[in-house]
1. Would you confirm whether any residue within segment B:208-222 is open to solvent by 70 Å² or more (accessible area, probe 1.4 Å) and modelled with pLDDT of 95 or more?
2. Hey, any hits in segment A:238-259 for a residue that's assigned by TED's automatic domain parsing to the domain that holds A:Ile306 and touching a His at 6+ places or on another chain (Cβ under 8 Å)?
3. Output the residues belonging to segment B:102-114 that are buried (at least 21 other Cβ atoms within 10 Å of the Cβ) and either of a type in the set (Gly, Ala, Ser) or at the interface with chain A (Cβ under 10 Å from one of its Cβ atoms) (or both).
4. Return only the number of the condition from (1) under 17 Å from the mean Cα position of the chain (by Cα); (2) facing chain A (nearest Cβ under 9 Å); (3) surrounded by 15 or more Cβ atoms within 10 Å (Cβ to Cβ); (4) not in a loop (DSSP other than H, G, I, E, B) that B:Leu16 does not satisfy.
5. Pick from segment A:50-85 the residues that are of a type in the set (Ser, Thr, Tyr) and more than 10 Å from chain B (Cβ to nearest Cβ): which of them is farthest from A:Leu162 (Cα to Cα)?
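The values are calculated or read from the model by the stated rules, or taken from the named source; none is laboratory data. Keep in mind the model is a prediction, meaning the values are calculated, not measured. Using ideal geometry, Cβ is built from the backbone for each residue, glycine included, and neighbour counts are taken over all protein chains shown. Surface accessibility is based on the protein's heavy atoms, side chains included, excluding ligands, DNA and RNA. Shrake-Rupley method; radii C 1.70, N 1.55, O 1.52, S 1.80 Å.
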Amino acid sequence: MTPAGSVLLLTTLTGFGYGLIAWLGTLAGLGFLPAAPFFLPVCVAIGLGFSSAGLVASTLHLGHPERAWRAFSQWRSSWLSREGVAAMATFPPAVAFAGLWWLLGAGAVATRVAGVVAAVLAFVTVFCTSMIYASLKPIRQWHNPHTAPDYLIFAVFSGAVLLAALWAIWFGAAKGLAVAALVAALAALGAKLAYWRFIDTQKPLVSLASATGLLSFGTVQPLDRPHFTENYVLREMGYQIARKHAVKLRRIAAVLAFLLPALLALVASERVLPAVATTAATLSALVGLLVERWLFFAEATHVSTIYYGV
Amino acid sequence: MTSLPEPQPGGKKLGLVIDLDTCVGCHACAVNCKEWNTGGHHAPLPDHNPYGKEPHGVWFNRIHSYEAGCGSTSKTVNFPRSCLHCETPQCVTVCPTGASYKRAEDGIVLVNTDICIGCKLCSWACPYGAREFDEDQGVMKKCTLCIDRIYNEALPEAEREPACVATCPSRARHFGDFNDPDSKVSRLVAERGGVALMPELGYAPVNRYLPPRKATIPAKPLERQHGGSVNALLKMLDMVLSR
């Protein structure tokens, strides 16, 4: 599948944004956040900023961005529509959470409830995003039990490093969050390695004989293509540029997205330059997750290309 | 609505039967499809650089050729590929706007290009590669089963069939109602063992393909070993030359 920049930005940036909101809401609900009046509203604004940037980027993918509002209508059947609804529905409780924190304080019941509601909706949004891909039966690298948990784990990890960085910049040391980011980074790395092992051992979904209804003939080989130049199906679904570099890109993704942030989180947890280390970890994770997401698309094969012998 | 419609009692299930035994791979169906549809329901269809080095555009019908089997019994099979108007099409249910829909009354899968946002998700959901994106208009396009021909009262009744069916010179394409057990398409499928493509993916495609016939006419032996019907002169020559 062709990795479109707008979709890479959507899934990566909303992972950071909604991941951060999920952490803030959960920690506030449990009463684990310091009662500084401005820290939380600033963090919520940054989280919603990441999410908004991703959502705006996604509209660049559309042939008709001005019609994007129509995508809220088909939530009964479409995961893309559900993602849109959940993404928007997270904003009011998140804004209320920040406002109530500032007005009523960190300990108020209303603040905590708003935080938990925002956190739940943030998780639901990321889950809906993951299901857009996980529900597509023609793409075996997406339609499998890894996709949805992976997206949630990556969002938890993204939010953890971002919150660790904001905390360290604001308050200095951030031992607990740095350890959380370290654990999340290792969990995310494990999930990604398991995913790569899984797709490498998958079998093709169908044979050309089944795709052409010629099973009774045994083998079927392509002879002539219908057209000698590319068409939409080959451009969109038959993307192959990345596959020859996949091994190197997987190493780059694993190091930048997970290993380097894990190392930097470990450094921060030992109170060595916590703000610098966690900020570097966040930037490394952002770049690494973009590479990881690029591979998620570039390594995905679509069953329709079997008609072209691809 | 992109939820699938409940099947209506007495509703039709319109689709095509494509005979892989008689298809000669002439691409006439693809050309007539393009010709009709660039002026029809989804008009116009992109057609860039048509006489240049790298022509490209949107076509609803693409004709592949395959070699089926191997060795002396292998066959060249010409294979037209278009929308199969599936009974459970994921291209419809993934649509976030309601632009992609399946008609309750006859099962035709269509795109309302007035509300399509051009997210392309429907094309990702189609395992048959049947949908092609119109870059010029920013919307998705697909086979309409020539909805503007089959119900078109301005056309003589005999011409109310899809353009691909009307033009096929070897009568390899048939159009009809699969819900009617006595229709031509239902009978062809029953008699010839019509098959669905990739049934294991669960899209329940309506269109059926008739596999090439395997029967061969037994050839006469080149020489007869025994018997007196062979010309006596040839028999004598054979004896002389065989020494």
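1. The first filter runs over segment B:208-222 and keeps only residues open to solvent by 70 Å² or more (accessible area, probe 1.4 Å), leaving B:213-222.
Then drop every residue that is not modelled with pLDDT of 95 or more, which leaves none.
Scanning segment B:208-222, I find no residue that is open to solvent by 70 Å² or more (accessible area, probe 1.4 Å) and modelled with pLDDT of 95 or more, so the answer is no.
2. Taking segment A:238-259 as the starting set, the residues that turn out to be assigned by TED's automatic domain parsing to the domain that holds A:Ile306 are A:238-259.
Narrowing further to those that are touching a His at 6+ places or on another chain (Cβ under 8 Å): A:238.
Yes: segment A:238-259 contains one or more residues that are assigned by TED's automatic domain parsing to the domain that holds A:Ile306 and touching a His at 6+ places or on another chain (Cβ under 8 Å).
3. Here is the first cut: in segment B:102-114, the ones buried (at least 21 other Cβ atoms within 10 Å of the Cβ) are B:102, B:107-109, B:111.
Result: B:Gly107, single match.
4. Only one criterion in (1) under 17 Å from the mean Cα position of the chain (by Cα); (2) facing chain A (nearest Cβ under 9 Å); (3) surrounded by 15 or more Cβ atoms within 10 Å (Cβ to Cβ); (4) not in a loop (DSSP other than H, G, I, E, B) is unmet by B:Leu16, namely (2).
5. Here is the first cut: in segment A:50-85, the ones of a type in the set (Ser, Thr, Tyr) are A:51-52, A:58-59, A:73, A:77-78, A:81.
From the residues that got through so far, the ones that are more than 10 Å from chain B (Cβ to nearest Cβ) too are A:51-52.
Working: A:Ser51: 13, A:Ser52: 16 Å.
Ranking the candidates gives A:Ser52 first.
Conditions (1) of a type in the set (Asp, Glu); (2) open to solvent by less than 30 Å² (accessible area, probe 1.4 Å); (3) out of contact with any Asp or Glu (no Cβ under 8 Å at 6 or more places or on another chain), marked per residue:
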{"site": "B:Cys116", "(1), (2), (3)": "no, yes, yes"}
{"site": "B:Cys122", "(1), (2), (3)": "no, yes, yes"}
{"site": "B:Asp136", "(1), (2), (3)": "yes, no, yes"}
{"site": "B:Glu153", "(1), (2), (3)": "yes, no, yes"}
{"site": "B:Val165", "(1), (2), (3)": "no, yes, yes"}
{"site": "B:Phe175", "(1), (2), (3)": "no, no, no"}
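Results for (1) touching a residue at least 40 places away in the same chain (Cβ under 8 Å); (2) open to solvent by less than 50 Å² (accessible area, probe 1.4 Å); (3) under 20 Å from the mean Cα position of the chain (by Cα), shown as yes or no for each residue.
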residue	(1), (2), (3)
B:Thr2	yes, yes, no
B:Gln8	yes, no, no
B:His27	no, no, yes
B:Asn37	yes, yes, yes
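One line per residue, one yes/no per condition, for (1) more than 30 Å from B:Cys119 (Cβ to Cβ); (2) touching a residue at least 40 places away in the same chain (Cβ under 8 Å):
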site: A:Pro92; (1), (2): no, no
site: A:Ala98; (1), (2): yes, yes
site: A:Ala108; (1), (2): yes, no
site: A:Arg112; (1), (2): yes, yes
